[in-house]
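Readers should treat all values here as calculations from the given coordinates under stated rules, not as data from a laboratory. Note that this is a predicted model, so its numbers are computed, not measured. So basically every Cβ, Gly included, is an ideal-geometry build from the backbone, and we count neighbours across all protein chains shown.
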Amino acid sequence: MDEKQQKITVYVMQSIFSVIGTIGNSLVLYIYLRKKDKSTSSIFILALAGADFFTCLVIVPFNIVTLYLDYKHGYDLMCRLYMFLITGGVPFATLIMVAIAFDRYFCICHPFLHVITIFRAKLIILILLSFAGILGIMVALMYGINDIISDPSSQSNNSCYSNTSSSYQQVTCNSTINNANMSSNLSDDLINHSYGMCSPNYDIFNEDFVLLFSKIHAVLYLLMFIFVVVLYSLIYREIHVRRARKAKRKRSSLYPSQSCAPEASLGDTHMTLMPGPMSDGNADEPTKNGHSSKRRKIGATLKEKQFYANIRTAAMLFIVTIVFLVAFLPALLMTQELIPYNIVIFYTYFVYNTANPVIYSFMNQSFRIELKNMYSKMCNGSRKH
């Protein structure tokens, strides 16, 4: 596949991502915004859907235009706006992934600590959005319209690409004549061919600072990936331990009378039973009242249902995280020049912004029910008219 065909493939691919992602994420926003009993996971899903919706509606089309123009925006404002959107959106989504992992960890491993409440979840999202915005502003100030030197003998076959998932964007012109990478620091023996190129400049920050910022940004991504892996590993361990304890008690004669034991045996949690008559220690007292024993069983059942509901939510969000890592990792490795650059593979990271509604549809039963209800209302409304 030659360079022109690769670009056409990217245009088509990103157009599909934009249309499907905009529709899918708008449905997610519609359904989750209408929920009355919002949880912390719902808040984070809303934030993620909002970021994905904005990416598919604005950033992806902007990226298509930028690729078509070969990063020749012509104006500093457009160049810096593009860099701000690209390098602010991806970190925000990654930070939300980490926040979701922390939320699921505390919800499953320490459910009674109430570390992340709905108010705190909203506050966390605002902090993460501000941090991602600062990263985007920093990168935008590192870019501008520059004159790029190129070999005129290969002008018709020149193209430029940019690794935009990192904070340091390496704009490179590929020449089919000498098959070499040429940037703005080419040797003086080449003949100048100048045009407005959105690329790194050092008017505000010097080159050493830009390179240092690039390394810090890459390390930041690495740390976030490690946090996510560690947290989900701890969640898996907690689920495995609880199931083992439940199976052990089920095999023993104590299990029927101590249905709350797996929950209460966790060192960091305390079981709060539903209110009932106080017992004086007499073993027959619960049966005299006739309700205390039943309430204990109902309380234990509700706790168990909530625990497994949290597991299902964690499993769904874990799949969301895995898709993000798989989609984003090739672009990150190409940015750090650890694997060869391929424009088609590089820009597949936008598939992540499209995939989340599909994941919710397959793994969230209530989401599917809401979709069916919405579709039924639409059909009934069209029949009336």
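Tabulated data for the structure shown
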{"read-out": "Highest average packing first - 314-323, 96-105, Cβ atoms within 10 Å", "value": "96-105, 314-323"}
{"read-out": "For TYR143, distant residues with modelled amide H under 5 Å away", "value": "ASN201"}
{"read-out": "For segment 323-379 and segment 30-102, distance of Cα centres in Å", "value": "13 Å"}
{"read-out": "Residues VAL219 and ASP37, FRET efficiency given R0 of 51 Å [Cβ-Cβ distance, rounded to 0.05]", "value": "0.80"}
